[in-house]
Amino acid sequence: MAASETWAKWRYRLVPDHALGEILSKNWIDTLIPAFILVLVLIFFGTQMPNFLSAANLNDIGRIYGEYLFIAIGMTIVMMAGGIDLSVGSIFALCNFVSLALINYLELPLILGIPAVIAVGGAVGLINGILIGYLGLRAFLTTLVMLIIVRASVDMLLLDYAMIIGRGFNASLAWEFMALGNIFGIPSSLVAVVVVAVAAHLVLTRFRFGWHLMAVGGSRRSAYNAGIRVKRTVCATYVISGMLCGLASTFYAARLSSASAGVGLGLEVTILTAVVLGGISLGGGRGSIVKAALGTVIIILVQNSLIRMGLMSGASSLVLGSVLLLAVAIDVRWMKNRSKILARSYVSPTYFKLPPLPETAIGSDSPYALNDKLRGVEAIGLGELDGPEDMIFDREDNMYCGSRHGDVIRIFAPDYTRIEVFAHIGGHPLGMAFDARDNLHVCVGGMGLFMIAPDQTVTKLSDETNRSWLSIADDSRLRLADDLDIAPDGRVFFSEATVRYEMYDWMVDALEARGNGRIICYDPKDGSSRTVLPNLQLPNGICVEFEGQSLLYAETWGCRITRYWFDGPRKGQRDVVIANLPGYPDNINRASDGTYWCALCGMRSPVFDLAQRMPGFRRRMVQSVSRDDWLYPNMNTGCVIKFDKDGNVLDVLWDLGGEAHPMITSIREHKGYLYLGGIYNNRIGRYPIPDADPNWTSHDSYWGELT
Amino acid sequence: MLNRLNQERIVLLISVILFIGFSVGLDGFLSGGNILSLVQNVSILGILGTGMAIGVIGRGIDLSMVSTMVISVAWMLVMVNDGTNLWVAFGLALGFAVVIGLINGVLIAYVEIPAIFATLAMGVAIYGFGKSFLVGTDVVYLPQGESWFYQIGSGRFLGIPNPVIAFALVALIVHVFLQFSKYGRYNYAIGDNLWTARITGIPVRPVMMLQYVLIAVIALLAGVVIATSVSSMNTRLALSTQVYDVILVVVLGGIGLSGGKGGVRNVIVGTLLIGILLNGMTILNLSYTAQNIFKSIILLAAIVIDTMLNPRDEQTAQHGDI
């Protein structure tokens, strides 16, 4: 082996490249951008300003931060539903005035005063909500006009009452606590806002209202079609925003007792900058309270520090405007290109070297030599079936197979021309097996393991397994359950082809050549599922052996068949049965003479085998060539092999020209015939096996003959 | 008869009624001095409105217009006061406006930030930039000079106040641009349906750039008229709500915010109504804040009516179109 190849082998074994794509596909990845900016801000001001991190300074900032965050949470809620609220600054000013009037001047008790202030904020929010939610006005202009109207009203009120209000003073301890109090050194407003933030987070992520809100923001039209009351939800967000402005203003009023015209001036731009910087998208559907909190921290640190560094108002609005533009630009570009970046970095090839390709030429003495045995085999359900990946027979000889439309199809014996939908599950049914009580077990791509009783009732057996601790992607959900078989004690062993790709992308998994799949055991005794064999290269066919203590599994991209002992003296051990197939093995099933059939769904080619040894080449291909032009394994031709338990290949069946059965994914022997299925095929083939036992059925082989 | 009433005609009708009402009911409304000041104030609003109309027709908006106007003109006056040649200073201010228009255009057309948002942030940034680097004081005064340039805002030509002539010229040029030039027609197509325009092969992004450059240049012209009529430029104007008056004029005249509709005629009609209204309220001695509330409520009503007459098409409305 060349030195460079040794290097590639170890480099791809040791560096977990796939982690990058999996991290990027996490939902919380957007939060990393504001978190990174926050670190930069902390480093910059921490080194530039001597007492930046002093307790007194932090306490001051924390108090203001609490007030801001109330408003930012309100803005976040509005924006996540697809709106925007520019009137927050004015509502804040109005509520500040009302707080001073009610609590300072009229000396109302706080228990009445604060709810009254919140109600005033909510009332203005309600006007916004009715105009935008129910009348369908544009949020931006409407709240902008509201900003002017409310601001002008406050100015008029101040003109008449500022002097009187300014003289008021409320001596209650609670009011003073709101202004100056600490709980364990944490400012009162910050404590209050944390409570509100946790509540808001729970509502957004766990409650019906939050989900409706996200749905409306994500796609208004779809939310409407799904029966969500869009108008009411939108209206409610503005009311909440107004109420939170009111709450914020009470803390502000308690702290400063200021009735000047400058209160809340330009606040809307500050808050907007904060939440957009945090990563709340314009247009809705994306965001979280944590992001809003992060963005607000950044803005408040920058703003506060700029003032303390003695910058003029012009410079600070320049900074604010530029930061806002930069944040929105990053947000817009990130939203647009996220999927592209993800697509480029998700596929992460590794090194894989196959043994030399076995000979298949006609006339060679290879066991795989081409022949024409499958030419002109009888077709069942031609044109009526769509994607029968696997098929199986019940005790009455009726045949069952899957279809791409999400149905399990029953084809009636004896002539196999009458077809009906046996059960509708919704995903593409793949591997099938009957248990001792005639229940049909099906692996459904994208859904999991299902059971169909003889009376056609469908039961979900499993759609998750234990999450592996070191996996970055959540691998507990089943993405692509593929084939299964049932042990004598009723345990179901089924393969999940890959945990990194959805069913429609299964072939991309070949480009990675990593063990992304696994075999899972479902135990009907307690209904649990556990991964028994992780890290397999697209595990596909599974067949419990005649002795009932071991199973054979095929790894499609690994081009090998392996035995796994799940019971008996060698429990837990594995040995390779066939190490070097000329193609990609799919389903394995029992044959009547005590051997096994295996379908090869595609054939290896020297080019692709070489590419598997050059991960860098495949990475460059994925990144710079369009998807349709990628080099894939050859899936246009296949064959069926028969092998014994020692791995000797006894027979091979080819369809030269590949017109009827180009890609064979499954075979099933039943009463002297071999039935052939293909996941992209429009028929089931029927091949008479010479010298086969005409009474043998796999049902009897597994569960004994009916007595 | 009734079905021939569209927003433009209704607004025109209301203007005429208000004009007659104010003429009869308000002392001094019809006096020569008042009509002159009405027309002058309205002209500035009209020039700004004409610029804004280009953006709104192309389904955009420019909230940075007043900031651009204030900072570019104030900077020009600062340079002239420092002894720079008037025309050199004007050329530099023009260059400044064009650069702002280009930045707006890039942000909106290429970075794809929603126009309303990009220009809001740009407005804040332009003001901050101007106050930090270009203009030191709040108010910059117009120096004395002999050039006809100084007469743009104050003089008369053939008995017509110059601002009115300026408005008429800007309106005529923009009208010709919108109705008869290739890029003007493209602008309508983009406003009507951006994606269709794009598929048809219209250079959507360059046309959008052009929109914002034109708006910025028109803002500069409006600023020159203001500066020469009141002999100064107050930078705090950028913090005022004047830009919403401009939107008011455009929306009131009947140019739908969903784009693709209307023309310069609508701006003139809207300008007339707002001019008469503002003037009447001033004579009635309503305070500035009261006028603000009144104007805002009219704007709100105008938007409500606009929404009802031109409902947003859910099929073509872009996601995130706020």
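The values are calculated or read from the model by the stated rules, or taken from the named source; none is laboratory data. It should be emphasised that the depicted structure is a prediction, and the values quoted were computed from it without experimental measurement. Don't worry about glycine lacking a Cβ; one is built from the backbone with ideal geometry, like all the others, and counts go over all protein chains shown. Please note that ligands, DNA and RNA were not included when accessible areas were found on the heavy atoms of the full protein model with its side chains. Shrake-Rupley method; radii C 1.70, N 1.55, O 1.52, S 1.80 Å.
One table, with the values for the structure above:
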| item | result |
| --- | --- |
| Where a residue in the stretch B:282-297 is at the interface with chain A (Cβ under 7 Å from one of its Cβ atoms) and its partner, wherever it lies, is of a type in the set (Phe, Trp, Tyr), with Cβ under 9 Å and at least six apart | B:SER296/B:TYR244 |
| Which numbered condition B:ASN279 misses (of (1) more than 10 Å from chain A (Cβ to nearest Cβ); (2) of a type outside the set (Asp, Glu); (3) touching a Lys or Arg at 6+ places or on another chain (Cβ under 9 Å)) | (3) |
| Residue that is of a type in the set (Gly, Ala, Ser), assigned by TED's automatic domain parsing to the domain that holds A:ALA248, in a helix (DSSP H, G or I) and more than 31 Å from the chain's Cα centre (by Cα), where the choices are A:GLY62, A:GLY46 | A:GLY62 |
| Residue in the stretch A:260-277 that is farthest from the other protein chains (Cβ to nearest Cβ), counting only those that are assigned to a helix (DSSP H, G or I) and within 17 Å of B:ALA238 (Cα to Cα) | A:LEU267 |
| Subset of the stretch A:507-544 (residues that are outside any strand (DSSP E or B), on the phi < 0 side of the Ramachandran plot and crowded, with 18+ Cβ neighbours inside 10 Å) | A:VAL508, A:ASP509, A:ALA510, A:LEU511, A:GLU512, A:ARG514, A:GLY515, A:ASN516, A:GLN537 |
| Which numbered condition B:THR137 fails, given (1) within 14 Å of chain A (Cβ to nearest Cβ); (2) touching a Ser or Thr at 6+ places or on another chain (Cβ under 6 Å); (3) of a type in the set (Val, Ile, Thr); (4) surrounded by fewer than 21 Cβ atoms within 10 Å (Cβ to Cβ) | (2) |
| Any pair with Cβ under 7 angstrom, 6 or more apart, that starts in the stretch A:23-42 at a residue that is in the same structural domain as A:ALA293 (by TED's automatic domain parsing) and closer than 20 Å to A:LEU301 by Cβ and ends at one that is among the hydroxyl-bearing types (Ser, Thr, Tyr) and at pLDDT 80 or above | none |
| Subset of the stretch B:265-283 that is of a type in the set (A, V, I, L, M, F, W, C) and out of contact with any Leu (no Cβ under 7 Å at 6 or more places or on another chain) - its residue that is surrounded by the most Cβ atoms within 10 Å (Cβ to Cβ) | B:VAL267 |
| Leading residue by the ranking (nearest to the chain's Cα centre (by Cα)) among those in the stretch A:430-483 that are over 30 Å from A:LYS26 (Cβ atoms) and hydroxyl-bearing (Ser, Thr, Tyr) | A:THR459 |
| Flag if A:THR417 is outside any strand (DSSP E or B) and closer than 30 Å to A:VAL15 by Cβ | no |
| Positions within the stretch A:282-327 being outside any helix (DSSP H, G or I) and of a type in the set (D, E, K, R), in sequence order | A:ARG286 |
| Residue in the stretch A:87-99 that is outside any helix (DSSP H, G or I) and surrounded by fewer than 21 Cβ atoms within 10 Å (Cβ to Cβ) present | no |
| Any pair with Cβ under 8 angstrom, 6 or more apart, that starts in the stretch B:19-33 at a residue that is touching a residue at least 24 places away in the same chain (Cβ under 8 Å) and ends at one that is of a type in the set (Gly, Ala, Ser) | B:PHE22/B:GLY280; B:LEU26/B:GLY280; B:PHE29/B:SER23; B:PHE29/B:GLY280 |
| Lone qualifier among B:THR282, B:THR307, B:THR235, B:THR289 - being within 23 Å of B:ILE54 (Cβ to Cβ), β-branched (Val, Ile, Thr) and modelled with pLDDT under 85 | B:THR307 |
| Helices (runs of 4 or more DSSP H) fully within the stretch B:164-274 counting 3 or more residues that are among the hydrophobic types (A, V, I, L, M, F, W, C) | B:194-200, B:204-230, B:242-253 |
| Filtered residue count, the stretch A:147-166, keeping only those that are open to solvent by less than 20 Å² (accessible area, probe 1.4 Å) and facing another protein chain (nearest Cβ under 8 Å) | 2 |
| Single unsatisfied condition, B:THR119 versus (1) more than 8 Å from chain A (Cβ to nearest Cβ); (2) open to solvent by 30 Å² or more (accessible area, probe 1.4 Å); (3) touching a residue at least 40 places away in the same chain (Cβ under 8 Å); (4) not acidic (Asp, Glu) | (2) |
| Subset of the stretch A:677-707 [more than 22 Å from A:ASP483 (Cβ to Cβ) and free of Cβ contacts under 8 Å to residues at least 60 places away in the same chain] | A:PRO688, A:PRO690, A:ASP691, A:PRO694, A:ASN695, A:GLY704, A:GLU705, A:THR707 |
| Any hit, the stretch A:311-324, residues being crowded, with 19+ Cβ neighbours inside 10 Å and either away from chain B (no Cβ under 14 Å) or closer than 30 Å to A:GLY210 by Cα (or both) | yes |
| From B:VAL73, B:VAL124, residue being in contact (Cβ under 8 Å) with a residue 60 or more places away in the chain and assigned to a helix (DSSP H, G or I) | B:VAL73 |
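Table: residues versus (1) within 14 Å of another protein chain (Cβ to nearest Cβ); (2) in a helix (DSSP H, G or I); (3) touching a residue at least 12 places away in the same chain (Cβ under 8 Å); (4) in contact with a helix residue (DSSP H, G or I) (Cβ under 8 Å, 6 or more places away or on another chain).
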position	(1), (2), (3), (4)
A:SER189	no, yes, yes, yes
A:VAL203	no, yes, no, yes
A:MET214	no, yes, yes, yes
A:SER222	yes, yes, no, yes
A:GLY227	no, no, no, no
A:ALA248	no, yes, yes, yes
A:ARG255	no, yes, yes, yes
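Matching residues to (1) surrounded by 24 or more Cβ atoms within 10 Å (Cβ to Cβ); (2) over 26 Å from A:ILE37 (Cα atoms); (3) out of contact with any Cys (no Cβ under 8 Å at 6 or more places or on another chain):
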| residue | (1), (2), (3) |
| --- | --- |
| A:ALA226 | no, yes, yes |
| A:SER241 | yes, yes, yes |
| A:CYS245 | yes, yes, no |
| A:ALA261 | no, yes, yes |
| A:ALA274 | yes, no, yes |
| A:GLY279 | yes, no, yes |
